[in-house]
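S.K.: Quick one: this structure, given as structure tokens, is what I'll be asking you about.
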Amino acid sequence: MEQFTRRYFLKVFGGASAALFVLPQVGCSSKKEEKPNCNDTTGVDTTLRQQLKYVPKSQDPQKRCELCQFYTPMPNGCGSCQLFPGPVDPQGSCMSFAPKQPS
Ligand code: SF4
């Protein structure tokens, strides 16, 4: 009979405390991996963005915003471009791509 033995308590409460420790961290990690919306241009003048044919996903892996000298990363995972207002996706690109100069 396993009821009220030391082994029983360790099995029940040990498992429960492990679950309490792991579950919140699983929830947090999936939230951190959520990609921010770098393409929300609500209230932003998109004229120049459109003229430069900005796309949120570059067709050329060597010409991504994050590799461009006009790109500035932001803490939320998106970035900004010096050529037009509003957020840009680090994986995006446009006609004015200019590779970063080695420092
Ligand atoms: S100039 Fe174009 S490629 Fe460079 S950061 Fe701005 S949008 Fe991205």
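Please treat every number below as a calculation from the coordinates, not as lab data. The structure presented is a predicted model; accordingly, all values stated were derived computationally and were not measured. Reconstructed Cβ throughout: ideal geometry from the backbone, glycine too, with neighbour counts over all protein chains shown.
S.K.: Where a ≥ b ≥ c are the square roots of the eigenvalues of the C-alpha gyration tensor, would you call the stretch 49-100 rounded, which needs a/c under 1.5, or, failing that, prolate if a/b is larger than b/c, or oblate?
M.R.: Here the stretch 49-100 falls in the rounded category.
S.K.: Same structure again: Can you check what the net charge comes to around residue 41, using other residues whose Cβ is under 12 Å from the Cβ of residue 41 (Lys, Arg +1; Asp, Glu -1)?
M.R.: Cβ neighbours under 12 Å give a net charge of -2.
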